[in-house]
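Enquirer: Have a look at the structure that comes next, please.
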Amino acid sequence: MPFTIIRNDITKVTADAIVNAANSSLLGGGGVDGAIHRAAGPKLLEECRLLGGCEPGDAKLTKGYDMDCKWIIHTVGPVWQDGSMGEPELLKTCYRNSLSIAKEKKCKSIAFPLISTGVYGYPKDKALEVAVSVISEFLSENDMDVTLVVFDREALVASTEKFGVIQQYINDRFAVEQDDSRKRKIAIFGKRKGGHAAAAAVSEMHIEDMFEAAEAQNYSLVGNTTLPAASLQDIVEKPDETFSEFLLRLIDIKGMTDVETYKKANIDRKLFSKIRSDKNYKPKKQTAVAFAIALELDLPDTKDLLEKAGYALSRSLKFDLIIRYFIENHNYNIYEINEALFAFDQTLIGA
Ligand code: APR
(Lines give C-alpha, C1' and ligand atoms only; values in the text may rest on other atoms or scores of the structure.)
Protein backbone atom coordinates (compact mmCIF):
# COMPACT_ATOMS: atom_id res chain seq x y z
CA MET A 1 0.00 0.00 0.00
CA PRO A 2 1.63 3.29 -1.10
CA PHE A 3 0.71 5.16 2.10
CA THR A 4 0.07 3.67 5.50
CA ILE A 5 0.12 4.75 9.14
CA ILE A 6 1.04 2.23 11.83
CA ARG A 7 1.50 2.29 15.57
CA ASN A 8 4.94 0.84 16.32
CA ASP A 9 8.50 1.42 17.48
CA ILE A 10 10.32 2.49 14.32
CA THR A 11 13.34 0.37 15.24
CA LYS A 12 11.09 -2.68 14.78
CA VAL A 13 10.05 -1.65 11.25
CA THR A 14 11.53 -3.07 8.04
CA ALA A 15 12.02 -0.66 5.16
CA ASP A 16 14.70 0.23 2.61
CA ALA A 17 15.14 3.56 4.43
CA ILE A 18 14.26 4.56 7.96
CA VAL A 19 14.19 8.24 8.91
CA ASN A 20 15.68 9.48 12.16
CA ALA A 21 14.44 12.60 13.95
CA ALA A 22 17.91 13.81 14.85
CA ASN A 23 19.48 16.99 16.21
CA SER A 24 21.94 19.12 14.30
CA SER A 25 24.99 17.46 15.88
CA LEU A 26 23.92 14.06 14.47
CA LEU A 27 25.66 12.55 17.50
CA GLY A 28 22.55 10.92 18.98
CA GLY A 29 20.11 11.95 21.70
CA GLY A 30 16.84 10.77 23.21
CA GLY A 31 13.54 9.72 21.63
CA VAL A 32 13.71 8.25 18.14
CA ASP A 33 17.34 9.34 17.79
CA GLY A 34 18.37 7.43 20.89
CA ALA A 35 16.33 4.38 19.92
CA ILE A 36 17.79 4.25 16.40
CA HIS A 37 21.37 4.66 17.62
CA ARG A 38 20.85 1.88 20.18
CA ALA A 39 19.31 -0.44 17.57
CA ALA A 40 21.82 0.34 14.79
CA GLY A 41 24.87 -0.06 17.02
CA PRO A 42 28.08 1.93 17.51
CA LYS A 43 29.11 1.95 13.83
CA LEU A 44 26.24 4.38 13.17
CA LEU A 45 27.75 6.98 15.47
CA GLU A 46 31.17 6.46 13.87
CA GLU A 47 29.70 7.28 10.45
CA CYS A 48 27.66 10.21 11.82
CA ARG A 49 30.82 11.75 13.23
CA LEU A 50 32.11 12.11 9.65
CA LEU A 51 29.02 14.02 8.43
CA GLY A 52 29.80 17.35 10.07
CA GLY A 53 26.33 17.84 11.52
CA CYS A 54 23.05 18.71 9.77
CA GLU A 55 21.11 21.97 9.42
CA PRO A 56 17.42 22.01 10.47
CA GLY A 57 15.32 20.98 7.45
CA ASP A 58 18.25 19.21 5.84
CA ALA A 59 18.70 15.40 5.67
CA LYS A 60 21.83 13.21 5.55
CA LEU A 61 22.31 9.54 4.73
CA THR A 62 24.11 6.75 6.54
CA LYS A 63 24.04 2.98 6.28
CA GLY A 64 21.48 1.06 8.36
CA TYR A 65 23.99 -1.17 10.22
CA ASP A 66 22.10 -3.41 12.71
CA MET A 67 18.71 -1.89 11.85
CA ASP A 68 16.43 -3.77 9.41
CA CYS A 69 17.03 -1.24 6.65
CA LYS A 70 19.63 -0.42 3.99
CA TRP A 71 19.78 3.27 4.88
CA ILE A 72 19.07 5.63 7.76
CA ILE A 73 18.16 9.16 6.72
CA HIS A 74 18.87 11.66 9.49
CA THR A 75 16.85 14.84 9.38
CA VAL A 76 16.60 17.70 11.86
CA GLY A 77 13.11 19.03 12.46
CA PRO A 78 12.15 22.53 13.63
CA VAL A 79 11.76 23.31 17.31
CA TRP A 80 8.12 24.42 17.75
CA GLN A 81 7.66 28.07 18.83
CA ASP A 82 4.14 29.12 17.94
CA GLY A 83 3.78 28.12 14.27
CA SER A 84 4.59 31.57 12.92
CA MET A 85 8.38 31.18 12.85
CA GLY A 86 8.51 29.08 9.67
CA GLU A 87 8.12 25.77 11.49
CA PRO A 88 5.62 24.24 8.99
CA GLU A 89 7.84 25.05 5.98
CA LEU A 90 10.94 23.70 7.72
CA LEU A 91 9.11 20.50 8.69
CA LYS A 92 7.93 20.07 5.08
CA THR A 93 11.54 20.39 3.96
CA CYS A 94 12.54 17.55 6.32
CA TYR A 95 10.03 15.20 4.67
CA ARG A 96 10.79 16.43 1.14
CA ASN A 97 14.58 16.11 1.52
CA SER A 98 14.26 12.65 3.11
CA LEU A 99 11.97 11.46 0.29
CA SER A 100 14.27 12.79 -2.42
CA ILE A 101 17.30 11.03 -0.87
CA ALA A 102 15.26 7.80 -0.71
CA LYS A 103 14.24 8.27 -4.36
CA GLU A 104 17.87 8.89 -5.37
CA LYS A 105 18.87 5.61 -3.66
CA LYS A 106 16.00 3.88 -5.50
CA CYS A 107 14.33 2.87 -2.24
CA LYS A 108 11.06 0.98 -2.63
CA SER A 109 9.99 1.74 0.92
CA ILE A 110 10.62 4.34 3.62
CA ALA A 111 9.41 4.75 7.21
CA PHE A 112 9.10 8.08 9.03
CA PRO A 113 8.53 8.89 12.68
CA LEU A 114 6.42 11.99 13.40
CA ILE A 115 9.37 14.37 13.21
CA SER A 116 9.59 17.20 15.80
CA THR A 117 6.56 16.03 17.80
CA GLY A 118 8.52 14.91 20.86
CA VAL A 119 11.34 16.94 22.42
CA TYR A 120 10.90 19.65 19.77
CA GLY A 121 7.28 20.13 20.83
CA TYR A 122 5.53 20.31 17.45
CA PRO A 123 1.78 19.66 18.04
CA LYS A 124 1.12 16.12 16.78
CA ASP A 125 -2.02 16.97 14.81
CA LYS A 126 -0.34 19.85 12.98
CA ALA A 127 2.75 17.76 12.29
CA LEU A 128 0.61 14.91 10.95
CA GLU A 129 -1.08 17.33 8.58
CA VAL A 130 2.30 18.55 7.31
CA ALA A 131 3.68 15.02 6.93
CA VAL A 132 0.59 13.77 5.03
CA SER A 133 0.52 16.79 2.73
CA VAL A 134 4.16 16.25 1.66
CA ILE A 135 3.81 12.45 1.39
CA SER A 136 0.60 12.65 -0.68
CA GLU A 137 2.21 15.21 -3.01
CA PHE A 138 5.26 12.92 -3.43
CA LEU A 139 3.12 9.81 -4.05
CA SER A 140 1.06 11.59 -6.71
CA GLU A 141 4.24 11.62 -8.84
CA ASN A 142 6.24 8.66 -7.50
CA ASP A 143 5.84 4.98 -6.61
CA MET A 144 7.16 4.11 -3.15
CA ASP A 145 5.67 2.54 0.00
CA VAL A 146 5.68 5.30 2.62
CA THR A 147 4.89 4.41 6.23
CA LEU A 148 4.28 6.90 9.03
CA VAL A 149 5.23 5.19 12.29
CA VAL A 150 3.34 6.65 15.26
CA PHE A 151 4.69 5.70 18.67
CA ASP A 152 1.92 7.15 20.77
CA ARG A 153 -1.49 6.91 19.01
CA GLU A 154 -3.42 8.07 22.09
CA ALA A 155 -1.49 11.34 22.23
CA LEU A 156 -2.07 11.87 18.52
CA VAL A 157 -5.83 11.21 18.80
CA ALA A 158 -6.13 13.39 21.89
CA SER A 159 -4.48 16.27 20.05
CA THR A 160 -6.68 16.06 16.96
CA GLU A 161 -10.03 17.86 17.06
CA LYS A 162 -11.43 16.41 13.83
CA PHE A 163 -11.35 12.91 15.32
CA GLY A 164 -13.72 14.15 18.04
CA VAL A 165 -16.31 15.06 15.40
CA ILE A 166 -16.06 11.56 13.95
CA GLN A 167 -16.34 9.99 17.40
CA GLN A 168 -19.58 11.93 17.95
CA TYR A 169 -20.91 10.72 14.57
CA ILE A 170 -20.14 7.13 15.58
CA ASN A 171 -21.72 7.52 19.01
CA ASP A 172 -24.89 9.05 17.53
CA ARG A 173 -25.32 6.27 15.04
CA PHE A 174 -24.49 3.55 17.51
CA ALA A 175 -27.34 4.89 19.67
CA VAL A 176 -29.74 5.08 16.72
CA GLU A 177 -28.64 1.64 15.55
CA GLN A 178 -29.27 0.03 18.95
CA ASP A 179 -32.71 1.59 18.99
CA ASP A 180 -33.49 0.58 15.38
CA SER A 181 -32.22 -2.89 16.00
CA ARG A 182 -34.59 -3.25 18.96
CA LYS A 183 -37.46 -1.99 16.79
CA ARG A 184 -36.42 -4.34 13.99
CA LYS A 185 -36.45 -7.26 16.39
CA ILE A 186 -39.98 -6.35 17.41
CA ALA A 187 -40.91 -5.93 13.72
CA ILE A 188 -39.56 -9.38 12.96
CA PHE A 189 -40.56 -11.26 16.09
CA GLY A 190 -43.52 -9.16 17.26
CA LYS A 191 -44.20 -7.77 20.75
CA ARG A 192 -45.41 -11.05 22.19
CA LYS A 193 -43.43 -12.20 25.23
CA GLY A 194 -42.44 -15.20 23.14
CA GLY A 195 -41.36 -12.80 20.43
CA HIS A 196 -38.94 -11.11 22.79
CA ALA A 197 -37.68 -14.51 23.85
CA ALA A 198 -37.27 -15.48 20.20
CA ALA A 199 -35.55 -12.17 19.50
CA ALA A 200 -33.28 -12.59 22.47
CA ALA A 201 -32.38 -16.00 21.13
CA VAL A 202 -31.26 -14.49 17.83
CA SER A 203 -27.83 -12.94 18.21
CA GLU A 204 -27.52 -9.24 17.43
CA MET A 205 -25.03 -10.03 14.73
CA HIS A 206 -27.46 -12.46 13.10
CA ILE A 207 -30.12 -9.76 12.99
CA GLU A 208 -27.53 -7.36 11.62
CA ASP A 209 -26.48 -9.89 9.00
CA MET A 210 -30.10 -10.41 8.01
CA PHE A 211 -30.56 -6.68 7.55
CA GLU A 212 -27.23 -6.21 5.81
CA ALA A 213 -28.01 -9.09 3.47
CA ALA A 214 -31.42 -7.57 2.84
CA GLU A 215 -29.87 -4.13 2.30
CA ALA A 216 -27.22 -5.59 0.02
CA GLN A 217 -30.03 -7.15 -2.01
CA ASN A 218 -31.62 -3.72 -2.09
CA TYR A 219 -34.52 -4.92 0.02
CA SER A 220 -35.72 -3.79 3.40
CA LEU A 221 -36.67 -6.46 5.86
CA VAL A 222 -40.01 -5.68 7.45
CA GLY A 223 -41.50 -8.53 9.42
CA ASN A 224 -40.73 -11.62 7.43
CA THR A 225 -41.50 -10.08 4.06
CA THR A 226 -39.05 -8.26 1.87
CA LEU A 227 -40.00 -5.15 -0.02
CA PRO A 228 -38.04 -3.60 -2.91
CA ALA A 229 -36.07 -0.70 -1.44
CA ALA A 230 -34.92 2.37 -3.37
CA SER A 231 -34.17 1.58 -7.00
CA LEU A 232 -30.55 1.71 -8.25
CA GLN A 233 -29.10 5.16 -8.74
CA ASP A 234 -27.87 6.59 -12.05
CA ILE A 235 -25.70 3.59 -12.97
CA VAL A 236 -27.62 0.80 -14.59
CA GLU A 237 -26.29 -2.33 -12.98
CA LYS A 238 -25.62 -5.50 -14.98
CA PRO A 239 -26.41 -8.32 -12.50
CA ASP A 240 -23.90 -10.81 -13.93
CA GLU A 241 -21.10 -8.22 -14.11
CA THR A 242 -18.08 -9.04 -11.88
CA PHE A 243 -16.49 -6.52 -9.49
CA SER A 244 -13.62 -5.80 -11.88
CA GLU A 245 -15.92 -5.37 -14.87
CA PHE A 246 -18.18 -3.00 -12.92
CA LEU A 247 -15.16 -1.08 -11.58
CA LEU A 248 -13.62 -0.60 -15.04
CA ARG A 249 -17.00 0.55 -16.38
CA LEU A 250 -17.29 3.05 -13.50
CA ILE A 251 -13.79 4.39 -14.25
CA ASP A 252 -14.87 4.97 -17.86
CA ILE A 253 -18.17 6.58 -16.81
CA LYS A 254 -16.25 8.90 -14.47
CA GLY A 255 -13.78 9.70 -17.29
CA MET A 256 -10.81 8.87 -15.06
CA THR A 257 -7.44 7.43 -16.11
CA ASP A 258 -6.02 4.28 -14.52
CA VAL A 259 -3.21 6.29 -12.89
CA GLU A 260 -5.63 8.81 -11.38
CA THR A 261 -7.77 5.96 -10.08
CA TYR A 262 -5.11 3.89 -8.34
CA LYS A 263 -3.30 6.93 -7.00
CA LYS A 264 -6.55 8.29 -5.48
CA ALA A 265 -7.35 4.80 -4.19
CA ASN A 266 -3.97 4.36 -2.44
CA ILE A 267 -3.60 1.18 -4.52
CA ASP A 268 -0.27 -0.15 -5.70
CA ARG A 269 0.24 0.17 -9.50
CA LYS A 270 1.04 -3.55 -9.93
CA LEU A 271 -2.07 -4.61 -8.03
CA PHE A 272 -4.22 -2.36 -10.17
CA SER A 273 -2.96 -3.95 -13.38
CA LYS A 274 -3.72 -7.35 -11.82
CA ILE A 275 -7.31 -6.22 -11.12
CA ARG A 276 -7.59 -4.83 -14.64
CA SER A 277 -6.50 -8.12 -16.21
CA ASP A 278 -8.46 -10.52 -13.97
CA LYS A 279 -12.21 -10.13 -14.40
CA ASN A 280 -12.85 -12.44 -11.45
CA TYR A 281 -10.51 -10.63 -9.06
CA LYS A 282 -11.92 -10.75 -5.51
CA PRO A 283 -10.82 -7.62 -3.59
CA LYS A 284 -10.60 -7.27 0.17
CA LYS A 285 -13.28 -4.96 1.58
CA GLN A 286 -10.78 -2.15 2.22
CA THR A 287 -9.65 -2.37 -1.42
CA ALA A 288 -13.22 -2.19 -2.75
CA VAL A 289 -13.95 0.77 -0.44
CA ALA A 290 -10.74 2.49 -1.60
CA PHE A 291 -11.99 2.36 -5.20
CA ALA A 292 -15.38 3.75 -4.17
CA ILE A 293 -13.55 6.66 -2.54
CA ALA A 294 -11.27 7.19 -5.55
CA LEU A 295 -14.32 7.31 -7.83
CA GLU A 296 -16.10 9.61 -5.36
CA LEU A 297 -19.20 7.40 -5.34
CA ASP A 298 -22.22 8.36 -3.25
CA LEU A 299 -23.52 5.89 -0.66
CA PRO A 300 -25.95 3.96 -2.93
CA ASP A 301 -23.33 3.53 -5.65
CA THR A 302 -20.72 2.59 -3.05
CA LYS A 303 -23.04 -0.13 -1.80
CA ASP A 304 -23.53 -1.37 -5.38
CA LEU A 305 -19.78 -1.57 -5.94
CA LEU A 306 -19.17 -3.30 -2.60
CA GLU A 307 -22.00 -5.71 -3.25
CA LYS A 308 -20.26 -6.85 -6.44
CA ALA A 309 -17.45 -8.07 -4.19
CA GLY A 310 -19.87 -9.55 -1.66
CA TYR A 311 -19.61 -6.79 0.95
CA ALA A 312 -22.05 -4.32 2.52
CA LEU A 313 -21.66 -1.10 4.53
CA SER A 314 -23.19 -1.84 7.89
CA ARG A 315 -24.64 0.74 10.25
CA SER A 316 -22.94 -0.66 13.29
CA LEU A 317 -19.30 -1.46 12.47
CA LYS A 318 -16.89 1.35 13.31
CA PHE A 319 -14.98 0.96 10.03
CA ASP A 320 -18.21 1.19 8.03
CA LEU A 321 -19.48 4.19 10.03
CA ILE A 322 -16.23 6.09 9.43
CA ILE A 323 -16.49 5.42 5.68
CA ARG A 324 -20.14 6.50 5.74
CA TYR A 325 -19.10 9.70 7.60
CA PHE A 326 -16.63 10.71 4.92
CA ILE A 327 -18.94 9.86 2.01
CA GLU A 328 -21.87 11.70 3.60
CA ASN A 329 -19.55 14.69 4.03
CA HIS A 330 -18.29 14.35 0.43
CA ASN A 331 -14.73 14.11 1.72
CA TYR A 332 -12.92 11.69 -0.61
CA ASN A 333 -9.41 12.48 0.59
CA ILE A 334 -8.09 8.98 1.17
CA TYR A 335 -5.21 10.28 3.31
CA GLU A 336 -7.61 11.98 5.71
CA ILE A 337 -9.81 8.88 5.76
CA ASN A 338 -6.82 6.71 6.59
CA GLU A 339 -5.73 9.10 9.33
CA ALA A 340 -9.19 8.68 10.88
CA LEU A 341 -9.20 4.90 10.43
CA PHE A 342 -5.77 4.77 12.06
CA ALA A 343 -6.94 6.97 14.95
CA PHE A 344 -9.83 4.59 15.59
CA ASP A 345 -7.62 1.53 15.28
CA GLN A 346 -9.35 0.32 12.10
CA THR A 347 -7.91 -1.25 8.93
CA LEU A 348 -6.73 1.39 6.48
CA ILE A 349 -8.13 1.51 2.94
CA GLY A 350 -6.04 0.87 -0.15
CA ALA A 351 -3.80 -2.06 -1.04
N1 APR B 1 9.63 4.81 17.26
C2 APR B 1 8.77 5.68 16.66
N3 APR B 1 8.49 6.90 17.16
C4 APR B 1 9.08 7.24 18.32
C5 APR B 1 9.99 6.40 19.00
C6 APR B 1 10.25 5.13 18.42
N7 APR B 1 11.10 4.27 18.99
N8 APR B 1 10.42 7.06 20.12
C9 APR B 1 9.78 8.23 20.14
N10 APR B 1 8.97 8.35 19.07
C11 APR B 1 8.09 9.45 18.68
C12 APR B 1 7.76 10.44 19.74
O13 APR B 1 6.64 9.98 20.49
C14 APR B 1 7.41 11.65 18.91
O15 APR B 1 6.06 11.58 18.51
O16 APR B 1 8.80 10.19 17.70
C17 APR B 1 8.32 11.52 17.67
C18 APR B 1 9.51 12.49 17.65
O19 APR B 1 9.98 12.63 18.98
P20 APR B 1 11.57 12.83 19.30
O21 APR B 1 12.25 11.55 19.13
O22 APR B 1 11.65 13.51 20.63
O23 APR B 1 12.13 13.79 18.17
P24 APR B 1 11.92 15.35 17.97
O25 APR B 1 10.68 15.84 18.61
O26 APR B 1 12.13 15.57 16.51
O27 APR B 1 13.14 15.99 18.79
C28 APR B 1 14.43 15.76 18.31
O29 APR B 1 15.06 14.87 20.41
O30 APR B 1 15.78 12.74 20.65
C31 APR B 1 16.21 14.03 20.54
O32 APR B 1 18.38 13.93 19.55
C33 APR B 1 17.02 14.25 19.31
O34 APR B 1 17.64 16.44 19.97
C35 APR B 1 16.81 15.71 19.10
C36 APR B 1 15.36 15.91 19.50
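The values are calculated or read from the model by the stated rules, or taken from the named source; none is laboratory data. As the structure is a prediction and not an experimental result, all values here were calculated from the model. Neighbour counts run over all protein chains shown; Cβ positions are idealised from the backbone, glycine included.
Enquirer: Let me confirm something: among Ile110, Ile115, which residue is within 11 Å of the ligand (Cβ to nearest atom), under 21 Å from Glu339 (Cβ atoms) and either in contact with a strand residue (DSSP E or B) (Cβ under 6 Å, 6 or more places away or on another chain) or of a type in the set (A, V, I, L, M) (or both)?
Expert: Ile115
Enquirer: If you don't mind, another one. Given the condition buried (at least 22 other Cβ atoms within 10 Å of the Cβ), under 24 Å from the mean Cα position of the chain (by Cα) and within 11 Å of the ligand (Cβ to nearest atom), answer yes or no: does some residue in segment 26-36 qualify?
Expert: The answer is yes, given that some residue of segment 26-36 is buried (at least 22 other Cβ atoms within 10 Å of the Cβ), under 24 Å from the mean Cα position of the chain (by Cα) and within 11 Å of the ligand (Cβ to nearest atom).
Enquirer: For a quick check of your reading: which helices (runs of 4 or more DSSP H) sit entirely within segment 204-302 and have at least 2 residues that are at pLDDT below 90? So that I can check it myself, show each step before the final result.
Expert: Numbers: elements: 204-216, 243-253, 258-264, 269-277, 285-294.
By residue number, 204-216.
Enquirer: Among the numbered conditions (1) assigned to a helix (DSSP H, G or I); (2) without any contact (Cβ under 8 Å) to a residue 40 or more places away in the chain; (3) surrounded by fewer than 19 Cβ atoms within 10 Å (Cβ to Cβ), tell me where Asn331 comes up short.
Expert: (1)
Enquirer: For Asp320, work out the one condition from (1) assigned to a helix (DSSP H, G or I); (2) in contact (Cβ under 8 Å) with a residue 12 or more places away in the chain; (3) surrounded by 19 or more Cβ atoms within 10 Å (Cβ to Cβ) it doesn't fulfil.
Expert: Here Asp320 meets the rest and fails (2).
Enquirer: Would you be able to tell me the number of residues in segment 1-12 that are under 19 Å from the mean Cα position of the chain (by Cα) and within 8 Å of the ligand (Cβ to nearest atom)?
Expert: Qualifying residue count for the region: 3.
Enquirer: When you check Leu50 against the structure, is it within 16 Å of the ligand (Cβ to nearest atom), hydrophobic (A, V, I, L, M, F, W, C) and at pLDDT 95 or above, yes or no?
Expert: Taking the combined requirement at face value, the residue does not satisfy it.
Enquirer: Could you grab me the full set of residues in segment 336-350 that are over 14 Å from Phe163 (Cα atoms) and surrounded by fewer than 21 Cβ atoms within 10 Å (Cβ to Cβ)?
Expert: Passing the criteria: only Thr347.
Enquirer: Something else about it: Taking segment 115-151, which residues are surrounded by fewer than 18 Cβ atoms within 10 Å (Cβ to Cβ), without any contact (Cβ under 8 Å) to a residue 60 or more places away in the chain and assigned to a loop (DSSP other than H, G, I, E, B)?
Expert: Across segment 115-151, the qualifying residues are Gly121, Pro123, Asn142.
Enquirer: Among Val130, Val79, which is the only one that is modelled with pLDDT of 95 or more, within 28 Å of Ile349 (Cα to Cα) and within 13 Å of the ligand (Cβ to nearest atom)?
Expert: Exactly one residue qualifies, and that residue is Val130.
Enquirer: Right, another one. Suppose we filter Leu305, Leu295 for residues that are more than 19 Å from the chain's Cα centre (by Cα), farther than 25 Å from Gln167 by Cα and buried (at least 16 other Cβ atoms within 10 Å of the Cβ); which single one remains?
Expert: Checking each option against the conditions leaves just Leu305.
Enquirer: Just give me the residues in segment 13-24 being near the ligand (Cβ under 10 Å from one of its atoms) and exposed (fewer than 14 other Cβ atoms within 10 Å of the Cβ), in sequence order.
Expert: Once the filter is applied, which keeps residues that are near the ligand (Cβ under 10 Å from one of its atoms) and exposed (fewer than 14 other Cβ atoms within 10 Å of the Cβ), segment 13-24 yields only Ser24.
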